[in-house]
Amino acid sequence: MLVVSLAGSPSQRSRSGVLLDLAGDWLQQRGIEVVRYGVRDFPAEDLLHGCFDSPLVQRFIEHVQAADGLLIATPVYKASFSGALKTLLDLLPERALAHKVILPMASGGSVAHMLAVGYALKPVLTALKAQEMLHGVYAIDAQIRYAEAGHAASLAPELAERLEESLQQLHAALARRPQPLDPRLLHDRLTSARWSI
């Protein structure tokens, strides 16, 4: 199984990025391949000018198309998700998230921005035809501690518990997805089948 992790913060240090990294690590510990991207990986001119033919954009699109799921995290700015993330999502093909399981996450300064995931980010992901959108995780900035000398990044217990529950739901949803049949196996089944007319 493959999950694409997408960090929507344009900042080098990001609490939503910490949330995303911890989620990606959790999945990797359970044998799921995680490919990580962030809006900072892309040249600004590729995003601003909508360069669909950029090699990095093309690789990102290919990973998304091959993925079973998407982890996406963004800071909340002025009651919405980051503009840099929107410009990157705009480069995805119209049905890019069809047949994918999506776990959206966000962090903001206060509980007042909690609805930003539902009324700002989820409609954009739905427009990209996300098949299964999980409830999502919203974190208050004060619940996330950056890694510091000798201490790993950490979450407040209540947030860690909510993230764990959401990741378990994501893991279960990924496990339910039908896996493609190996073409060699399909060929063997067809050639060894008993046909009657």
TODO: With a 1.4 Å probe and every protein chain left in place, work out the accessible area per residue of the chain in Å², rounded to a whole number.
DONE: 54 Å²
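Which FRET efficiency, nearest 0.05, do ASP25 and ALA98 yield, Cβ-Cβ r, R0 30 Å?
On the way: r = 27 Å, r/R0 = 0.91.
E between ASP25 and ALA98, to the nearest 0.05, is 0.65.
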Task: Structure-derived Cα extents along the principal axes in Å - corresponding label in (1) 44, 32, 32; (2) 119, 57, 20; (3) 68, 41, 33 - done: (3)
TODO: Can you tell me which of 148-154, 74-80, 123-129 comes out highest on packing, and rank the rest after it, using the mean Cβ neighbours within 10 Å?
DONE: 74-80, 123-129, 148-154
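Starting from 0.36 nm per residue, how many nanometres of slack lie between ALA142 and ARG36 once their C-alpha separation is accounted for?
Gain in length upon complete extension: 35.7 nm.
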- [ ] Report, ordered by chain and residue number, the lysines lying within cross-link reach of LYS78, taken as a straight Cα distance under 24 Å and ignoring same-chain residues fewer than 8 apart.
- [x] LYS86, LYS122
TODO: Report, in deg cm²/dmol and to the nearest 500, the calculated mean residue ellipticity at 222 nm for the chain, where each DSSP H run with n ≥ 4 adds -39500 (n - 2.57) and the sum is divided by the residue count.
DONE: -11500 deg cm²/dmol
Task: Dimensions in Å of the range 3-81 - Rg and Dmax from alpha carbons - done: 13.1, 38
Task: Percent carbon-and-sulfur accessible area, the chain, ignoring ligands, DNA and RNA, probe 1.4 Å - done: 56 percent
Open item on the list: Can you say what percent of the DSSP beta bridges in the chain, counting only those with both residues inside, are antiparallel? Round to 5.
Closed with: 15 percent
Open item on the list: What number results when the radius of gyration of the range 82-197, computed over Cα atoms, is divided by 2.2 N^0.38 Å?
Closed with: 1.53
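The values are calculated or read from the model by the stated rules, or taken from the named source; none is laboratory data. Every value quoted in this text rests on a predicted model; they were computed, and no experiment measured them. Neighbour counts are summed over all protein chains in view; Cβ atoms, including those assigned to glycine, are modelled from backbone coordinates with ideal geometry. Note: areas computed on protein heavy atoms with side chains; ligands, DNA, RNA excluded. Shrake-Rupley method; radii C 1.70, N 1.55, O 1.52, S 1.80 Å.
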